[in-house]
């Protein structure tokens with residue numbers, strides 16, 4: 001049993017992917033039962049509201065106005081990405097903390113949105129960020145995990161190149 005928790009690969013970070021997925025689904029469920037769909041929003045700060053909107057597209061509502069084919073395209077794409085990243089995570093040494101966390105965040109976020117697409121046909125978004133009267137597309141915790149993980153991957157590649165030169 002002790003061996004199970006001493007994983008010698010990057011798979012030791014899968015708990016983080018599961019945490020992102022669970023928190024994403026719990027927050028989406030809470031929003032769906034607490035805020036009326038399309039409601040203008042609950043102001044949390046002068047620049048952040050809670051809303052309840054559907055996004056049939058991808059990040060920043062990309063292809064949201066299409067007829068529905070994008071649901072399966074984005075679902076398939078996210079599943080392939082999650083599989084590829086899981087293989088990368090398995091091959092990653094357990095000591096590669098930064099990279100392991102980045103990959104796990106992306107996997108958890110991708111699968112959180114996949115669940116919505118398969119179950120609902122769209123993704124639930126609820127975080128409305130706005131500045132100076134301009135509202136940016138709403139997003140969710142899964143999107144946040146994907147973005148933070150992607151930024152971490154970029155930073156890793158930048159700093160790794162500096163170390164190698």
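Being loosely packed, with under 14 Cβ neighbours inside 10 Å, outside any loop (DSSP other than H, G, I, E, B) and either in contact with a helix residue (DSSP H, G or I) (Cβ under 7 Å, 6 or more places away or on another chain) or at pLDDT below 95 (or both) is the requirement here; does residue 5 meet it? No, not satisfied.
In the set 102, 142, 78, only one residue is without any contact (Cβ under 8 Å) to a residue 40 or more places away in the chain, touching a helix residue (DSSP H, G or I) at 6+ places or on another chain (Cβ under 6 Å) and in a helix (DSSP H, G or I); that residue is 78.
Among the numbered conditions (1) farther than 24 Å from residue 7 by Cα; (2) touching a strand residue (DSSP E or B) at 6+ places or on another chain (Cβ under 6 Å), the only one that residue 90 does not meet is (1). Among residues of segment 114-139 being free of Cβ contacts under 8 Å to residues at least 40 places away in the same chain and part of a helix (DSSP H, G or I), the one that is surrounded by the most Cβ atoms within 10 Å (Cβ to Cβ) is 114. Every listed requirement among (1) within 14 Å of residue 117 (Cα to Cα); (2) modelled with pLDDT of 95 or more; (3) touching a helix residue (DSSP H, G or I) at 6+ places or on another chain (Cβ under 6 Å) is met by residue 28 save one, (3).
If a residue must be in a loop (DSSP other than H, G, I, E, B) and either over 11 Å from residue 130 (Cα atoms) or at pLDDT below 90 (or both), how many such residues does segment 34-49 contain?
Summing the residues that are in a loop (DSSP other than H, G, I, E, B) and either over 11 Å from residue 130 (Cα atoms) or at pLDDT below 90 (or both) in segment 34-49 gives 7.
The values are calculated or read from the model by the stated rules, or taken from the named source; none is laboratory data. As the structure is a prediction and not an experimental result, all values here were calculated from the model. Positions of Cβ are generated from backbone atoms using ideal geometry, with glycine treated the same way; all protein chains shown enter the neighbour counts.
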